[in-house]
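Every read-out reported here was derived from the displayed coordinates using simple, explicitly stated rules and does not represent laboratory data. Remember, predicted model here, so these are calculated numbers, not experimental data. Glycine gets a Cβ as well: all are built from the backbone with ideal geometry, and neighbour counts include every protein chain shown.
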Amino acid sequence: MQSGPISRASIAKQTGLSKQTISEVMRLLEDDGWVVETGRTSGHVGRSAVTYELEPAAAYIVAVDLGGTKVRVAICDLATRIIAETAQATRAEDARAVIAQIAEITQSLAAQGAVPVEKLRIAVIGVPGAPQSDSGKVLLAPNIAGFDSLDVASALQDALGFEVILENDVNLAVLGESWLGAGQGFDNLAYIAVGTGIGSGLMLNGQLVRGASNAAGEIGFLPLGASPYESESLRTGAFERVVGSRGIIDQYRRKSGVDAPVPVIFDRAAAGDSHAVAVLDETARFLAQGVAAIASLTNPDKVILGGSIGERVELVQRVRQALPLCFPYPVDVEAGELGAHAALVGAAALGLGHLHNTLFGADVPEARMSLPPAATTYLREALS
């Protein structure tokens, strides 16, 4: 039902359930306020059929993009219309502080958007690291103290009072771009986020690739750039040490003898500073190696670059130029279209898909969830 008005016969065909079973399910869902009649089919041979849509206000999804420096939270209805949204600096001093912050923001946004708290049904939270389904801990997230020793999933569920799904933030970003951004229409995608750190989300045959312990795509630990045998590489990753913001700043200091933040380095490169130009060239060559590594293993239709650094056009152009020098086959490399909202859109998609599958017992692949036409308009207006 995510694609718009649909008849009971069409639902039966999509789910594999009998028409009689679907009729009973639809009666119950209509009685409980989950679906509404929208009209009748037309233009077909034979009798017309009643069509249904999800009632957008029947339930709400909390979408969270948690970063080491900033946390974004949005409340969406079942048409994925953003009801309320905000961003705050992350209380990263410890895990409990972050969890309390997410709960406080959610309550505030629900009040702001006049959303009944009892209709908040699920929170999908993008976390910087590898969430563990068995323990609820989040590994490989050094920027938030205590996430690797606390059952984060249970603590968040207790604080919020409803179901919580933890997902890697870059996984959500690739899902968001596939749903509404640069990856629409493709089932095989790689998304590389470059900012303070670096990570990648992979989608093959319409499904997120998570790996045995949800750590697939931790591209920062590729043994490229810095020595992978140094202790710092075991903590933050050899590749991240040269491509992330810290690596860019360190490169510029070594070349120029001056400290400067990453945006200033980009500005100086645009102004012709030879040291800054050399830093961007070198960073792009390293990043092209990372793209080549992913392309050689997964053969994606497209590689999307995102994050505050990765989506910069100066870097994307340089990666495109460097890639043919280190990889023999063409790779389509583009900047993401959703910017800082990519993970939030992915979280909304995952939450909507989870509720859809719960209601109808149909397992729809993540990338093949489709938006109702009105929802596309809502999201695009919100993101603009």
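If the cut-off is 20 Å between C-alpha atoms, which aspartates and glutamates fall inside it for LYS13, apart from same-chain ones fewer than 8 positions away?
Once the sequence-local aspartates and glutamates are set aside, what remains near LYS13 is GLU24, GLU30, GLU37, GLU53, ASP363, GLU366.
At 0.36 nm per residue, minus the direct Cα-Cα distance, what do ARG246 and SER213 gain on full extension? Give it in nm, one decimal, please.
9.2 nm
For LYS137, give me every one of the lysines with a C-alpha distance below 23 angstrom, ignoring sequence neighbours fewer than eight places off in its own chain.
LYS70
Considering only LEU234, GLN321, GLY206, whose Cα is most displaced toward the positive end of the charge dipole of the stretch 184-336, charges sitting on Cβ of Lys, Arg (+1) and Asp, Glu (-1)?
The residue sitting farthest along the positive end of the dipole is LEU234.
Compute, for the chain, the length of the dipole vector about the Cα centre, with Cβ point charges of +1 (Lys, Arg) and -1 (Asp, Glu) only. Units Debye, rounded to 20.
Computed charge dipole of the chain: roughly 580 debye.
Report the FRET efficiency, 1/(1 + (r/R0)^6), for ALA89 and SER23, where r is their Cβ-Cβ distance and R0 is 45 Å, rounded to 0.05.
Once the sixth-power term is evaluated, E becomes 0.30.
Share of antiparallel DSSP beta bridges in the stretch 184-336, in percent to the nearest 5?
Of those bridges, close to 50 percent are antiparallel.
Using each residue's phi in the stretch 100-107, evaluate 6.51 cos²θ - 1.76 cosθ + 1.60 at θ = phi - 60° and report the 3J(HN,Hα) Karplus result to the nearest Hz, with x for Gly and Pro.
4, 5, 4, 5, 5, 5, 4, 4
Please report the antiparallel percentage of the DSSP beta bridges confined to the chain, to the nearest 5.
60
For ILE83, what residues show an amide H to amide H distance below 5 Å, using hydrogens built from the backbone and excluding near sequence neighbours?
Residues meeting the criterion, in which the H sits 1.01 Å from N, are ILE75, CYS76, ASP77.
Starting from the Kirkwood Rh over alpha-carbon pairs, what translational D in µm² s⁻¹ does the chain have by Stokes-Einstein at 20 °C and 1.002 mPa s?
It comes out at roughly 97 µm²/s.
Say R0 is 41 Å: what FRET efficiency, to the nearest 0.05, do LEU234 and GLN107 get from their beta-carbon distance?
Taking R0 as 41 Å, the efficiency between LEU234 and GLN107 is 0.55.
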